[in-house]
């Protein structure tokens, strides 16, 4: 089949959209196209066997809204059998495409109603009504228009009709971040890292405070969201061992994880976090390094179950610093945690095994079979 991957929010080379889903479907023999915002000046994308259809860069919400309607023309020119879209704000676009006779698959990366309750840019007084509107919109769209729904967790899947829903969890690619575990040669032993978007509710300030308490280097790798928060973080990091690194390539992500004593996944307790399965957690395990993670019941089942890290109160920077110190003082235990995490990824938490659900779904769509969970 000819399949269009559609996003107006994510980069064209987003790990889930491009490296996992698009390349998996292309390797399975499908003709995969992508409609996405064009890369920045100076970037030279090499999408391989995937055909690209560029939209103008969409850094602002008005630009994204305009791109949502530009995408209709781009998709029609590609003449796909199926459009697989990744942003909830594209539901009106997908509804129009469905009315034009194109099947649409909704890839649900987040628990949208819960995520809205955490949006700082939405007034606190408006978050609950906006969340309710989002829940109603998803309910209507997934029951009246979506051909299939692909949530990233079983918890999210509970909100959607079972006969149209196939969970494809966002586990890491087995070989991308593989390392032997622990600190790489030549790296100072006191090195901790966070990889991903740096926000207030993902523990940006607490990680800096923990670095100061422990007197240990911490690298925060990724964009600060929203940008206005960056000034607050820079001020907090001044005079501490914490460094705001900025965005890096996927290759450097692997290198920094391999060089780390441990990786942080310290989301604050919030509706969209406590039942999430963050890719950061599994990527750290895949790289063979221990994790210092928020003590949520859903995460405890993984981290304690696999004995691959330490759990802490993400709001307590002293507790985070204590966990850092413990890992530095118990080198062999930390190395063993990293090895167990890697083993768990090899056995259970990897994209190569999870992607069979995606391939089977598209085989069903190609045959015209009803989608089964």
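Some notes on this structure:
- Taken over segment 154-168, the criterion of being surrounded by fewer than 19 Cβ atoms within 10 Å (Cβ to Cβ) and touching a helix residue (DSSP H, G or I) at 6+ places or on another chain (Cβ under 9 Å) is satisfied by 155, 159, 161, 167.
- Scanning segment 142-163 for residues that are outside any loop (DSSP other than H, G, I, E, B) and either within 23 Å of the chain's Cα centre (by Cα) or assigned by TED's automatic domain parsing to the domain that holds residue 271 (or both) yields a total of 9.
- The residues on offer are 344, 363, and the sole one that is more than 25 Å from the chain's Cα centre (by Cα) and assigned to a helix (DSSP H, G or I) is 363.
- Residue within segment 70-86 that is surrounded by 15 or more Cβ atoms within 10 Å (Cβ to Cβ), in contact with a helix residue (DSSP H, G or I) (Cβ under 6 Å, 6 or more places away or on another chain), touching a residue at least 60 places away in the same chain (Cβ under 8 Å) and part of a loop (DSSP other than H, G, I, E, B) present: yes
- Filter result (touching a residue at least 60 places away in the same chain (Cβ under 8 Å), under 20 Å from residue 200 (Cβ atoms) and assigned to a helix (DSSP H, G or I)) within segment 258-276: 271, 272, 273
- Residue within segment 110-119 that is modelled with pLDDT of 95 or more and assigned to a loop (DSSP other than H, G, I, E, B) present: no
- Residues considered: 281, 315, 311. Of these, the only one that is part of a loop (DSSP other than H, G, I, E, B) and within 26 Å of residue 117 (Cα to Cα) is 315.
- Qualifying residue in segment 262-282 (condition: at pLDDT 95 or above, in contact with a strand residue (DSSP E or B) (Cβ under 6 Å, 6 or more places away or on another chain) and over 27 Å from residue 168 (Cβ atoms)): yes
- Among residues of segment 292-312 that are assigned by TED's automatic domain parsing to the domain that holds residue 331 and within 16 Å of residue 272 (Cα to Cα), those with a Cβ under 6 angstrom from a residue that is in a helix (DSSP H, G or I) and modelled with pLDDT under 95, sequence gap 6+ or separate chain, pair up as 296/274.
- Single residue of segment 93-109 satisfying the filter (outside any strand (DSSP E or B) and surrounded by 15 or more Cβ atoms within 10 Å (Cβ to Cβ)) that is nearest to the chain's Cα centre (by Cα): 109
- Count of residues meeting criterion [over 15 Å from residue 205 (Cβ atoms) and touching a helix residue (DSSP H, G or I) at 6+ places or on another chain (Cβ under 6 Å)] in segment 222-240: 0
- From the list 11, 44, the one residue that fits, being in a loop (DSSP other than H, G, I, E, B) and closer than 16 Å to residue 86 by Cα, is 11.
The values are calculated or read from the model by the stated rules, or taken from the named source; none is laboratory data. From a predicted model like this one, the values you see are computed outputs, not experimental measurements. Here Cβ is always computed from backbone atoms with ideal geometry, including for glycine, and neighbour counts include all displayed protein chains.
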